[in-house]
Amino acid sequence: MAEISAKVVMDLRGRTGCGMMDCKKALAACEGDIEKAIDYLREKGLAKAAKKQSRIAAEGVVGAYICKECGTGALVEVNCETDFVANTPEFKEMVQAIAKTIASANPADVDALLTCKVADGEQTVGDLITEKTAKIGEKISVRRFVRYDGKDGIVDSYIHMGGKVGVLVLAQGEKNDTVAEVLHDVALQIAAASPVAPEYVTRDQVNPEHLHHETEILAAQARNEGKPEKIIEKMVQGRINKFYEEVCLLEQVFVKDGETRVGKMIENRVPGTKIVAFTRYKMGDGLEKKVSDLAAEVAEQIGGKA
């Protein structure tokens, strides 16, 4: 097979936290397939978990808007080239205007959004981005967005670390100050969750393929630990319960008290309130800038090519 490049080794290291030589060996054993290499490292017990995307390298802001009148909310990620631009008031105001446009216009996708007139403005979102690009001198792009309609329930949002992480939550229940407070706490929970962010509301929503894959990984881990086959099934079930506690929102431990499960916290404070859906954007997930100096450094250490 072809020689493993330093870039692929860096990507695997960033996603698993394993050492460079372990990553190189895993890639060699898996013929350069990074997803198989992640499973290989987990089976060997060298990686406890793996990020779904490559390391974060792009700049930008995740912004949110919720209409006070209709309750509809939007969450959007807008990217630029430098952190300096991302932190300017002008850029953040543009992101807020785009989020408001998504909430009011309900575009089908990013291409449709670019043709929408900016909320409270005359130019389109595409023209606004072109104008800001020319003025700022950096490429600006809308990467993704989500919209929850206020007709479908109660919408709340939480923006973490100045726009590095953003969350939008949709719930059903009575509309009052206590429910609003609890939903804000839930949004904070989703934003602050570390090292594993929730992916589902409840365990019955877990993708069967995801569950099957995780079960196979956990069984391989147990075998590599030398456990007898007759107890592997029970061990895997115990570890699957731990997996549910990590990826299912209502089964996570509430960050504010470190003891109560999120589902129980909601039940205790606002009985009858149901979390319907949520979206969590971490700015730059899956986007990567070229970092040539670091690549050269890694290449030198592992004896590969950059």
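For the reader, a short list of remarks on this structure follows.
- Condition check for Val146 on (1) among the hydrophobic types (A, V, I, L, M, F, W, C); (2) farther than 19 Å from Ser104 by Cβ; (3) surrounded by fewer than 20 Cβ atoms within 10 Å (Cβ to Cβ): one failure, at (2).
- In the range 237-276, the residue that is farthest from the chain's Cα centre (by Cα) out of those that are in a strand (DSSP E or B) and within 17 Å of Asp156 (Cβ to Cβ) is Lys274.
- Candidates in the range 232-274 are the residues that are over 15 Å from Ala197 (Cβ atoms) and of a type in the set (A, V, I, L, M); of these, the one that is most open to solvent (accessible area, probe 1.4 Å) is Met235.
- Note on the range 200-219: residues that are assigned to a loop (DSSP other than H, G, I, E, B) and charged (D, E, K, R) amount to 0.
- Residue within the range 162-174 that is within 30 Å of Gly71 (Cα to Cα) and either part of a helix (DSSP H, G or I) or among the charged types (D, E, K, R) (or both) present: yes
- Residue match in the range 80-98 (condition: more than 20 Å from the chain's Cα centre (by Cα), of a type in the set (Val, Ile, Thr) and closer than 30 Å to Thr16 by Cβ): yes
- Options Ala222, Ala191, Ala180, Ala197; residue that is in contact with a strand residue (DSSP E or B) (Cβ under 9 Å, 6 or more places away or on another chain), buried (at least 18 other Cβ atoms within 10 Å of the Cβ) and either among the hydroxyl-bearing types (Ser, Thr, Tyr) or assigned to a helix (DSSP H, G or I) (or both): Ala191
The values are calculated or read from the model by the stated rules, or taken from the named source; none is laboratory data. Everything quoted here is computed from the prediction, not taken from an experiment. Note that each Cβ is placed from the backbone with ideal geometry, even for glycine, and that neighbours are counted across all protein chains shown. SASA here: full protein model, heavy atoms, side chains in, ligands and nucleic acids out. Shrake-Rupley method; radii C 1.70, N 1.55, O 1.52, S 1.80 Å.
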